[in-house]
């Protein structure tokens, strides 16, 4: 069902290169629609927001308030099964603990000639968190986006979530409560992104918007970028499993299907040096698909984008893994530590047979918002740093200016920037 | 000439808010042209690159090689005035020293229940540095982009610079040599960005592209984003000077004009509590403009976007400064330290009367690539981190999986993700 590649085949490099560049997303061009919505919300504020919400979500702000009330949040929390609440609390605590270690330290110092230099970190003033509606409304994503923002010290965290016909997944509100979010609006789509970026009568604008969304949300985020910051635009999820022959094929099949069930464009790849395991995993995938609720999605993903790559030696998987630069990489071998330092490009690495990627989705403590579509070659998963910014500080006294000033004047003149040169020289020669 | 705002005026808030949202850039829509160039280079490689270079730069790769030779770099280095070379060397050393302090530390640890967690940083494999041609071909920018990449440990740094009729500013090649770059191509525009992103027969692709450029370069960077990483798209430069009445108006006028001379869209703002100083600075600007090579540009910038804001008390400047979120902020007061902790939003802060912003452009050691157009509210200047990425590491043994697994299963089921649940439960109940 999935594509099979064999490292020993003469055309392997050609087929692997083609496999790497396969597009897994149909990019809908919704830019014009989104542009009109954003302009409307920017100009007409709440009125436009209400009109779009009525039209797209069937929700009337004349009968239901835009902002979710404290009582509703409380009621949703109580309506969420106790086991789910305590799993969310466990996840929240672990995410918080791990992310607290990411808090950057200011670095303020004086160098050998007495110049004061500094890097100072501050939290972003206000952040908007987009939460999708419907089946993609995941409480775990609320935690993964909100907890790092709270750890960073963001004073105001706003959540928007579309409530088709008024309904919001109670577990999402429970997660918001656990994450300490109480400013929640029942809005979604491009109109919600516009409201967060430009503000309306009801919603004060934020400085950055994070969180996943559909094509309209993604296009809206791209369009408001610059006015506000945005996180990366995530593509379909992917996993790469590097496995020796000693694995239980059912475990690996379950891991591959856990990615595949996300989205028809998701991608699950197995690299192994065992042809027997390859066949056994393929068979297990087929078997497990039969009892999977989301079998249609998973089957399509596995058929269209899944791959099993056979290598003569697991060592051969290293350069392949670095080119794939997977969002998630599982190393299911007897000596996973031997691999770790060789992997340069991966969003997250799951080490050993007892670390299924799913643990990282929920309760591992690390973030599940990770770079997709090979972007782990140049970017990182969501962290506390995404909710902060760094200001440089420079301080010279008269003596330091005398020491460094002439070189600055030389370079300014070489670059033809006379006012630059004067701004220094006027201080060096106060008389002239 | 510049706009004047007085905090005590009844309409101050309205005028200040309007001032904040003034657009200082004409955004040319060059997307279609750029799309065609990128597609052509992607399909036809070197051949397309040569055709565009002949057309736009008047340079024929049949007579001049695309790649700058080692001898040429050497010759340019020798042709650069000794004072410029040593100023560049001083700058490079100071930038390197400061940026080395930004190198992130890996954090690999075991938590209280024995789960292995980690954040591991690696350099990006290959980075392309865009350097503009003509008058905007600044050797200082070469250092500011290349040195952090080298400090990060990027193994391959490629430079592209358009050479109109073959000419490259020798100081730019000297800066490249000082920064240790020897892979330099005589290409520019959208075609150079496309070549870096997708590769050609001559140029291997990179994973990230940084550096300033014109509207075509900016549009091309936006379009290849995703295939490669890009740095922020910088807008026109800006400075905010907060000054008490004890300043030499000529010093401040020189600082304001140093920004204004960059670009007709640059912005220079003075906030002061002294009406006398305000008048004196305005007069000094007028006087200094007369003897400025780039007076036409500086005068247009000061006239169209410059501002002097009078406040009753310098304390009032703090919230204004945080809303302006200037790329560069000078604090020219007798007690600048009192201001520092109150400023949350600024790309870089220059502390005290003897720290003109220009020092930071060249030899301060901090980076001069900073967030413009109020984006310091949510983003930071260029740093070593921009040339690295972080991989999360998670490691559970059977015991940790038994501890955390059930919560993951609960959340997966709550989210309707059956294969996620199975990927954990199958390991918890190997029999069933």
Looking at the range A:103-124, which of the residues that are in contact with a strand residue (DSSP E or B) (Cβ under 7 Å, 6 or more places away or on another chain) and farther than 30 Å from residue A:398 by Cα is nearest to the other protein chains (Cβ to nearest Cβ)?
-> A:124
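If you check A:48, A:32, A:18, which single one turns out to be at pLDDT 95 or above and part of a helix (DSSP H, G or I)?
Details: A:32 fails: at pLDDT 95 or above; A:18 fails: at pLDDT 95 or above.
That would be A:48, the only listed residue that is at pLDDT 95 or above and part of a helix (DSSP H, G or I).
From the list B:172, B:142, B:154, pick out the single residue that is within 14 Å of chain A (Cβ to nearest Cβ) and in a loop (DSSP other than H, G, I, E, B). Before the answer, list the steps.
Working: B:172 fails: in a loop (DSSP other than H, G, I, E, B); B:142 fails: in a loop (DSSP other than H, G, I, E, B).
When all the criteria are applied, what remains is B:154.
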Strands (runs of 3 or more DSSP E) wholly in the range B:216-314 with at least 3 residues that are over 24 Å from residue B:367 (Cβ atoms) - which ones?
-> B:267-272, B:307-310
When restricted to A:57, A:29, A:9, A:62, the only residue surrounded by fewer than 17 Cβ atoms within 10 Å (Cβ to Cβ) and under 19 Å from residue A:164 (Cα atoms) is A:62
If you check B:203, B:242, B:233, which single one turns out to be at pLDDT 95 or above and closer than 20 Å to residue B:142 by Cα?
-> B:203
Test for residue B:90: is it under 30 Å from residue A:116 (Cβ atoms), at pLDDT 95 or above, within 13 Å of chain A (Cβ to nearest Cβ) and assigned to a helix (DSSP H, G or I) = yes
For the range B:115-129, does any single residue satisfy the condition of being surrounded by fewer than 18 Cβ atoms within 10 Å (Cβ to Cβ), closer than 30 Å to residue A:97 by Cα and in contact with a helix residue (DSSP H, G or I) (Cβ under 8 Å, 6 or more places away or on another chain)?
-> no
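Check whether at least one residue in the range B:103-110 is in contact (Cβ under 8 Å) with a residue 40 or more places away in the chain, crowded, with 24+ Cβ neighbours inside 10 Å and either under 21 Å from residue B:194 (Cβ atoms) or under 21 Å from the mean Cα position of the chain (by Cα) (or both), and report yes or no.
Residues of the range B:103-110 that are in contact (Cβ under 8 Å) with a residue 40 or more places away in the chain, as a first pass: B:103-104, B:108.
From the residues that got through so far, the ones that are crowded, with 24+ Cβ neighbours inside 10 Å too are none.
No: zero hits.
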Scan the range A:64-87 residue by residue and report those that are outside any helix (DSSP H, G or I) and either free of Cβ contacts under 8 Å to residues at least 24 places away in the same chain or more than 10 Å from chain B (Cβ to nearest Cβ) (or both).
-> A:64, A:65, A:66, A:67, A:68, A:69, A:81
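Sort through B:230, B:203 and tell me the only one that's more than 10 Å from chain A (Cβ to nearest Cβ) and more than 30 Å from residue B:338 (Cβ to Cβ). Step through it out loud before you land on a result.
Details: B:230 fails: more than 10 Å from chain A (Cβ to nearest Cβ).
From the options B:230, B:203, the qualifying one is B:203.
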Hits in the range B:32-53 - residues which are more than 15 Å from residue B:195 (Cβ to Cβ) and surrounded by 13 or more Cβ atoms within 10 Å (Cβ to Cβ) | B:33, B:35
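Give, as residue ranges, the helices (runs of 4 or more DSSP H) completely inside the range A:330-432 that count at least 1 residues that are under 26 Å from residue B:351 (Cβ atoms). Spell out how you get there, then give the answer.
Details: elements: A:336-339, A:357-362, A:398-414, A:418-428.
Counting at least 1 such residues, we get A:398-414, A:418-428.
Yes/no per residue for (1) out of contact with any helix residue (DSSP H, G or I) (no Cβ under 8 Å at 6 or more places or on another chain); (2) more than 7 Å from chain A (Cβ to nearest Cβ):
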| residue | (1), (2) |
| --- | --- |
| B:368 | no, yes |
| B:381 | yes, no |
| B:387 | no, yes |
| B:390 | yes, no |
| B:404 | no, no |
| B:411 | no, no |
| B:420 | no, no |
Count of residues meeting criterion [under 22 Å from residue B:73 (Cα atoms) and part of a loop (DSSP other than H, G, I, E, B)] in the range B:181-205 = 8
Scan the range B:322-365 for residues that are touching a strand residue (DSSP E or B) at 6+ places or on another chain (Cβ under 6 Å) and more than 9 Å from chain A (Cβ to nearest Cβ) and jot them down.
-> B:324, B:326, B:327, B:328, B:330, B:331, B:332, B:339
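The values are calculated or read from the model by the stated rules, or taken from the named source; none is laboratory data. Bear in mind the structure is a predicted one, so any value in this text is a computation, not a measurement. Positions of Cβ are backbone-derived with ideal geometry, glycine not excepted, and every protein chain shown enters the neighbour counts.
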